[in-house]
Amino acid sequence: MTAHARRSRRSPFGAVVGTVGEILITLGVILGLFLVWELWWTNVQSAQAQAKDVASLGWAYEPQQAQPAAPEYLTPSTKAPKVDKEPALLKTFATLYVPRFDKDYAKTITEGTDKATVLDTKGIGHYVGTAMPGGLGNFAIAGHRTTYGKPFNQINTLKAGDPVIVQTKDGWYVYAVTDHLVTGWRDGEQVAPVPGDTTGTKKPTKRLITMTSCHPIWQPIHRYIVHGELVYWAPPDGDKVPKELVTGKFDAGMLDGITG
């Protein structure tokens, strides 16, 4: 048998191998493009959209804009916090500022935690039925750690005493981080009025914030939880902002009585 004949006999098998190889290469290219879209482009698009959302509110502080060299600071109110009614689903009603994440960090908060209509498009979502900013109980919010703007990408870097600041059209609410923990994916008691209450019967006595996201960062099989407690609130006063928004820390003595 000649060499030509042997090559001809192998050619059907070679054709199959070649076709399979081409399919695998094509699938690899498609997978690579999907990963670029999922892990990079969704962040670019979402970050741009969320920045526009902050600006569109009209009343929200925009740290990316030129700020005065010597900003004026708000005076904490001695009155009970003004607490808004819970808004309709998909309504954007607040902004979040976390100096530990970045001095220019500013994200909107929208009612609901549905992945498709809120977390993947709006950014941070408010757990329906939990307290509103400044309210007695637990103001609970959720956000992605990867993809779609990844607003809580650095949630694990927060430390006790860090300021976490919420703004609405009616006021500023300045919380201090108290503790963090990792829970099961389906464990919902950390967003209860009293975090950790599995019975739902305990009456809240504090004004809290809870931030939730997936954990570990690339294997979302648990939830990363950060709790905080309200230190003070202040009504809007022109261009004045909370001091902690600029300095990233509380003055000595302000956290006395704040516990985890």
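Results, tabulated for the structure shown:
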| quantity | calculated |
| --- | --- |
| In the stretch 129-143, the residues that are β-branched (Val, Ile, Thr) and either in a loop (DSSP other than H, G, I, E, B) or more than 15 Å from LEU208 (Cα to Cα) (or both) | THR130 |
| Boolean, GLY161 is at positive phi, touching a residue at least 60 places away in the same chain (Cβ under 8 Å) and part of a loop (DSSP other than H, G, I, E, B) | yes |
| Close pairs (7 angstrom Cβ cut-off, 6 or more residues apart or separate chains): part of a loop (DSSP other than H, G, I, E, B) in the stretch 202-226, surrounded by fewer than 16 Cβ atoms within 10 Å (Cβ to Cβ) anywhere | ILE221/TRP185 |
| Residue in the stretch 144-169 that is surrounded by the fewest Cβ atoms within 10 Å (Cβ to Cβ), counting only those that are closer than 25 Å to ARG186 by Cβ, at pLDDT 95 or above and in contact with a Ser or Thr (Cβ under 6 Å, 6 or more places away or on another chain) | ILE155 |
| Subset of the stretch 151-208 (residues that are of a type in the set (S, T, N, Q) and farther than 30 Å from GLY238 by Cβ) | ASN153, GLN154, ASN156, THR157, THR178, THR183, GLN190, THR198, THR199, THR201, THR205 |
| Residues satisfying the stated conditions in the stretch 93-128, i.e. in a strand (DSSP E or B), touching a residue at least 24 places away in the same chain (Cβ under 8 Å) and in contact with a helix residue (DSSP H, G or I) (Cβ under 7 Å, 6 or more places away or on another chain) | THR95, TYR97, LYS107, THR108 |
| Any pair with Cβ under 6 angstrom, 6 or more apart, that starts in the stretch 44-60 at a residue that is under 13 Å from LYS169 (Cα atoms) and ends at one that is assigned to a helix (DSSP H, G or I) and at pLDDT 70 or above | ALA60/VAL54 |
| Boolean, THR199 is in contact with a helix residue (DSSP H, G or I) (Cβ under 6 Å, 6 or more places away or on another chain) and of a type in the set (Ser, Thr, Tyr) | no |
| Subset tally (residues that are farther than 13 Å from TYR175 by Cβ and either in contact with a Lys or Arg (Cβ under 9 Å, 6 or more places away or on another chain) or of a type in the set (A, V, I, L, M) (or both)) for the stretch 197-215 | 4 |
| Answer from ASP197, ASP239 - the residue that is within 26 Å of ALA60 (Cα to Cα) and assigned to a loop (DSSP other than H, G, I, E, B) | ASP239 |
| From THR201, THR212, THR183, residue being out of contact with any strand residue (DSSP E or B) (no Cβ under 6 Å at 6 or more places or on another chain) and among the β-branched types (Val, Ile, Thr) | THR201 |
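The values are calculated or read from the model by the stated rules, or taken from the named source; none is laboratory data. In this text the structure is predicted, and so the values were computed from the model without any measurement. Positions of Cβ are backbone-derived with ideal geometry, glycine not excepted, and every protein chain shown enters the neighbour counts.
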